[in-house]
Amino acid sequence: MIGKMMIGKGFSGCISYCLEDKKMLQDKDKLIVQNRAEILYYNQCFGNKKELIKQFNEVRKLNAKQSRPVLHITLSMAPGELLERGQLLDIVQHSSREFGFNENQFLAVEHTDTHHQHVHIIANRIGFAGRTNVSDSNNYKRMAAFCRKMEREFKLQQVLSPRRFLHKQQQQIPRNDQRKQQIKSRLMEVLSQSKSMEAFCQNAKALGLDVIKSRGISFIDEKGVKIKGSEMGLSLQTIERKLELQNQKEVLKETQFIKIKQRQNYLSR
C-alpha cells in the first residue's frame with residue numbers, strides 16, 4: 001500500500017476534486033469519467049459537496065490563525081489488489097486514529113478512475129474545541145510506517161516504492177524530483193531580486209510559495225507540499241549568506257560609481 005499525506009489551505013478545492021467527475025484528455029478530446037467517486041464514510045459531517053464545504057469551513061473559523069487546516073490523505077493498493085468495502089473502512093478508521101483526526105470532521109471517498117484501488121481522506125486539522133490537534137510533522141515517515149503496519153495486518157502486498165505502480169518502460173526512467181527543481185528555480189530568481197530576508201519572503205509569497213522560518217527554512221507550494229530549503233541547497237544560512245554577498249556587491253558597485261563620477265568631475269574642471 002502506498003500512502004501520501006498533504007497539508008493544504010482550502011477545503012473547497014480539495015473536497016470538489018474528490019467528489020466531482022473527472023475530465024481527462026483522450027485523443028485530444030476531453031473525456032468525462034462519470035461516477036468515479038463513492039463516499040465510504042462521514043465523520044462529524046454529512047451532505048453533498050456544497051454542504052460539506054460549508055461545514056468544514058465553519059469549524060475552520062474556530063481557529064483563524066491556522067492557515068493550513070486541510071489534511072488530504074490518499075491510500076493506494078497495489079495493482080491487482082482489491083479490498084472489500086469493510087476492509088477499506090477498517091483501514092480508514094485505523095488511519096484516523098493513527099494520525100489523530102478520529103474525533104474531527106473527515107470524509108473518506110473511493111475513486112474508481114485508475115487501475116489500482118485507492119481512497120481519499122479529507123480531514124479537518126482543527127477540532128471542535130478550536131485547536132489544531134493534527135500534527136504535520138514527519139508525515140513521510142509516519143505514513144510509511146502506517147502503510148507497512150496495514151500491509152501486515154490485512155495481509156496486503158508490500159509496496160515500498162510508488163514506481164512499482166508504473167509500467168516497466170516508465171520504471172526505467174531515472175528518478176528526477178521535478179517539483180524541487182522547479183521550486184528551486186523560482187526561489188533563485190526571487191533571491192536575486194531581494195535585498196533582505198523580509199523582501200525574499202514577500203517575493204516568494206507573491207509567487208505562490210509560503211515560507212516557514214525558524215531554526216531552518218521550509219517552503220510550501222500551491223499544492224500544499226512542504227519542502228525543506230536544505231533539501232534544495234537553499235538552507236537558511238545559505239540564503240542569508242547570498243543576500244549578504246549581493247548587498248556587498250551593490251555597495252561596492254555604488255562606491256565605484258561614486259569614484260568614477262568624482263574622477264569625471266575632476267577631469268572636466
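Note on the stretch 33-67: residues that are touching a residue at least 60 places away in the same chain (Cβ under 8 Å), of a type in the set (K, R) and not in a helix (DSSP H, G or I) total 1.
From the list L191, L236, L209, the lone residue that is more than 25 Å from N139 (Cα to Cα) and either open to solvent by 90 Å² or more (accessible area, probe 1.4 Å) or among the hydrophobic types (A, V, I, L, M, F, W, C) (or both) is L191.
Within the stretch 230-241, residues that are part of a helix (DSSP H, G or I) reach partners that are open to solvent by 20 Å² or more (accessible area, probe 1.4 Å) and basic (K, R) with beta carbons closer than 6 Å, at six or more positions or on different chains, in the pairs M232/K180; M232/K184. Could you tell me whether V109 is open to solvent by less than 50 Å² (accessible area, probe 1.4 Å) and in a helix (DSSP H, G or I)? The answer is no for V109. Residues in the stretch 194-204 that are more than 18 Å from G216 (Cβ to Cβ) and assigned to a helix (DSSP H, G or I) were compared, and the one that is most open to solvent (accessible area, probe 1.4 Å) is Q202.
The values are calculated or read from the model by the stated rules, or taken from the named source; none is laboratory data. Values in this document were obtained by computation on a predicted structure and should not be read as measured data. No Cβ is skipped: glycine too gets one built from the backbone with ideal geometry, and neighbour counts run over all protein chains shown. Heavy atoms of the whole protein, side chains included, go into the accessibility calculation; ligands, DNA and RNA do not. Shrake-Rupley method; radii C 1.70, N 1.55, O 1.52, S 1.80 Å.
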